[in-house]
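Below is one structure, written out as structure tokens; comments come after it.
The values are calculated or read from the model by the stated rules, or taken from the named source; none is laboratory data. No experiment lies behind these values; they were computed from the predicted model shown. We place every Cβ from the backbone using ideal geometry, glycine too, and count neighbours over all the protein chains shown. All accessible areas refer to the heavy atoms of the entire protein, side chains included, with ligands and DNA or RNA removed. Shrake-Rupley method; radii C 1.70, N 1.55, O 1.52, S 1.80 Å.
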Amino acid sequence: MTVQLPKGTRDFYPEDQRIQNHIFDTWRKACLRFAYEEYEGPMFEHLELYTGKSGDEIVKQLYNFIDKGGRDIALRPEMTPTLARLVIQKGGTLKMPFKWFSIPRLFRYERTQKGRLREFFQLNMDIIGSDSVYAEADLLVGICSMLRDFGLKPADFVIGISSRKLLSTFLTELKATDPTAVYPVLDRRAKIPGDIFLAELAAAGLAAEQVVRLDAFMACKSIDEVKACIQSQDSQAALQELEDLFTILAHAGVSESVALDLAVVRGLAYYTGIVFEVFDRGHSMRAVAGGGRYDSLTERLGGKKVPCVGFGMGDVVLADLLSDRGLLPTTGPTVDFYLVTFAGNMPKLFEVAASLRNAGCSCSHALAPAKVGKQMESANIAGASRVIFVDGDKAPPGEYEFKNLKDGTQGCSTLDQLIKEVQP
Ligand code: HAM
């Protein structure tokens, strides 16, 4: 019997890990450029961190178990509750506002499908302690900038922006009896057939004429169209916030990448204000990222109320999108030097390799005496930029024969000179 890969998980052979590293490196560089600081937490938490707020789809997707001490434990399905716990734990000692990021490995017992696995990675960027819409703007500009780093253009993706607050005030205008039952239905709108959608809205307590008004509201494509749909001052205030956000985003030069999209509702229960999701243009894939403002999560978890906003971007759909656009790196392994011996002089290989590595260069060589042709083949496979022949007889004392595999040039040189040439 062969042991198989668990469903919804992935192996990362070196060629896959290279791609993963490229994604992580690009994420990390962009976060640091926007002055977010990196943090981490445990991969498992007490189950109640997730079930305490309940009602979420995510609770049904938990990988949980009882540990040997009899504790209810869950593998983390998302980072946000952990972040809220970190904030609560430090109480008032954290200087707010602050901007943090993390790249956690997450686990969800999902129905596996394209873009959705049971184990995946997710970049999280969050701003804690700011209730201003400029925090949303900082995150959204960050997303655009980072997607540009990957080589994506505004024609490749769009960030749909909406407001839970606006939806909530509109549902109040509609006199919906149970607004919290309506959100999950709206969130599934694109995923379920129209008749089921209407039946679910009815089950959530909406009468036919309320559904018609809600449908008209959800179809608005501009701030002005929404203005014509709403009446209450609360709705107007929530819309003003969206309008302010779009104005700032225009100043930051990312108007082309963002759009008002009231169909963005977000499945998670803790969002309280502006919400957004990143999609490929044409919406042919699942969301690349999603997030929004969650001002009451810390309070719901037993701490003080702290305004928070952030998002998660998964590695799976992002890699699919980059692959679709031909933007994934195709490079193999690389190494500065490959050392070749003509006479099977293994001690000399180790001696020269030690000098190169002490100087900070990467190098490789055969691990058993081998024919020169075989060693040259290994040099190519290793992606060496230069080969050094450690025991050639053409080099003057103190120098080595070398061959540059990138441009084909060859000659003799000192190790110091060769080292200088590969160092930035
Ligand atoms: P989420 O919408 O559940 O939000 O996930 C955000 C992103 O993570 C999705 O858009 C998708 O790219 C990726 N993702 C989610 N589930 C899977 C899966 N099963 N397989 C692969 N990728 C997946 C959250 O998790 C929020 N905690 C984000 C957040 C941070 N909100 C505020 N701060």
Shape of region 174-291 from its Cα gyration tensor (a ≥ b ≥ c, root eigenvalues): rounded if a/c is under 1.5, otherwise prolate when a/b > b/c, or oblate?
-> oblate
Could you work out how far the C-alpha centroid of region 379-424 sits from that of region 280-319, in angstrom?
-> 51
Does region 86-186 come out rounded, prolate or oblate by the C-alpha gyration tensor, with a ≥ b ≥ c the root eigenvalues, rounded set by a/c under 1.5 and, if not, prolate when a/b is larger than b/c and oblate if not?
-> rounded
Hull surface divided by four, with the convex hull built on the Cα atoms of region 385-424: how many nm²?
-> 2.7
5 angstrom amide H check on Arg116, placed H, neighbours 5+ away = none
For region 272-424, what is the largest minus smallest coordinate of the Cα atoms on each principal axis, given in angstrom and ordered from greatest to least?
-> 75, 39, 28
Relative intensity, log₁₀ I(q)/I(0), of region 335-422 from a Debye sum that treats every alpha carbon as a point, q = 0.25 Å⁻¹ | -1.47
The ratio Rg/Rh over the Cα atoms of region 1-128, Rh being the Kirkwood inverse mean 1/r radius, stands at 1.00
What percent do you get for the relative contact order of the chain when only Cα pairs under 8 Å and 6+ apart count?
-> 15
Computed accessible area, Arg266, all protein chains, 1.4 angstrom probe, square angstrom = 30
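Would you mind working out the accessible area per residue for region 130-172, using a 1.4 Å probe, and quoting it in Å²?
Heavy-atom accessible area per residue stands at 29 Å².
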In Å and whole numbers, how far do the C-alpha atoms of the chain stretch along each principal axis, longest first?
-> 92, 55, 48
Helix 233-251 sits off the longest principal axis of the Cα atoms of the chain, rounded to the nearest 10 on a 0 to 90 degree scale, by 30
Kindly write out, for region 59-68 in residue order, the coupling ³J(HN,Hα) from the Karplus curve 6.51 cos²θ - 1.76 cosθ + 1.60 (θ = phi - 60°), rounded to whole Hz, with x marking Gly and Pro.
-> 5, 6, 9, 6, 8, 10, 7, 9, 7, 5
Which of the peptides 250-263, 163-176, 85-98 is most tightly packed, and how do the rest follow, going by the mean number of other Cβ atoms within 10 Å of each residue?
-> 163-176, 250-263, 85-98
If you build the Cα gyration tensor of region 237-351 and take the root of 5 times each eigenvalue, what three semi-axes come out, in whole angstrom, biggest first?
-> 48, 21, 14
How much of the accessible area of the chain, probe 1.4 Å, is carbon plus sulfur, in whole percent?
-> 54
Rounded to 0.05, the calculated FRET efficiency for the beta carbons of His283 and Ile88 at R₀ = 35 Å is 0.40
Relative contact order of region 335-422, defined on C-alpha pairs under 8 angstrom at six or more residues apart (%) = 31
In degrees between 0 and 90, to the nearest 10, how far off the longest principal axis of the chain does helix 164-174 point, with axes built from Cα atoms?
-> 20
Residue-normalised value, i.e. accessible area per residue, for region 335-422 at 1.4 Å probe, in Å², stands at 53
Pairs of Cα atoms under 8 Å, at least six residues apart: use those to get the relative contact order of region 322-377, whole percent.
-> 39
Between 0 and 90°, nearest 10: helix 194-203 axis offset from the chain longest Cα axis = 60
